[in-house]
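The block underneath contains the structure these notes are about, expressed in structure tokens.
The values are calculated or read from the model by the stated rules, or taken from the named source; none is laboratory data. Model, not experiment: these values are computed from the prediction. Don't worry about glycine lacking a Cβ; one is built from the backbone with ideal geometry, like all the others, and counts go over all protein chains shown.
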Amino acid sequence: MARSSFADLMNDSKVMLRGLQKNADSVATRGINAEFVTNMQNIMSDAEQLNGEQEALKASLKAKTAELDDRVAKLKGMKSEAVKVVKLAVKQEKWVEFGIKAKR
């Protein structure tokens, strides 16, 4: 069974609700009453609100990820520069104090 998108589900559910409301007498004989329709409408409304909140969180996450990536790149560059300076300024026997495990 193919997965439908959120938008497809919402659209299909709106169409279903209109049909249920228009044919309330027919579907009531099989158990779909006004309470069912109201509950479905409420769930759809909640889903739309949650989807909006989720999209806002995704945007925020994307921005934070870019910020983190920038800081990580800067930190790597600074660490690399520090390693080079330590290797030039300090005797090899003391490199371990700086966390440098390389031999050269």
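Taking only pairs six or more apart or across chains, which ones have beta-carbon atoms under 8 Å, a first residue in segment 25-54 that is free of Cβ contacts under 8 Å to residues at least 40 places away in the same chain, and a second residue that is among the basic types (Lys, Arg)?
44/14
Can you find even one residue in segment 48-62 that is modelled with pLDDT of 95 or more, among the charged types (D, E, K, R), more than 17 Å from the chain's Cα centre (by Cα) and assigned to a helix (DSSP H, G or I)?
The answer is no; no qualifying residue exists.
Which of the residues spanning segment 20-31 are surrounded by fewer than 13 Cβ atoms within 10 Å (Cβ to Cβ) and in a helix (DSSP H, G or I)?
Of everything in segment 20-31, those that are surrounded by fewer than 13 Cβ atoms within 10 Å (Cβ to Cβ) and in a helix (DSSP H, G or I) turn out to be 21, 22, 25, 26.
A quick yes/no check of all residues on (1) exposed (fewer than 11 other Cβ atoms within 10 Å of the Cβ); (2) under 30 Å from residue 102 (Cα atoms):
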| position | (1), (2) |
| --- | --- |
| 15 | yes, no |
| 33 | no, no |
| 75 | yes, yes |
| 81 | yes, yes |
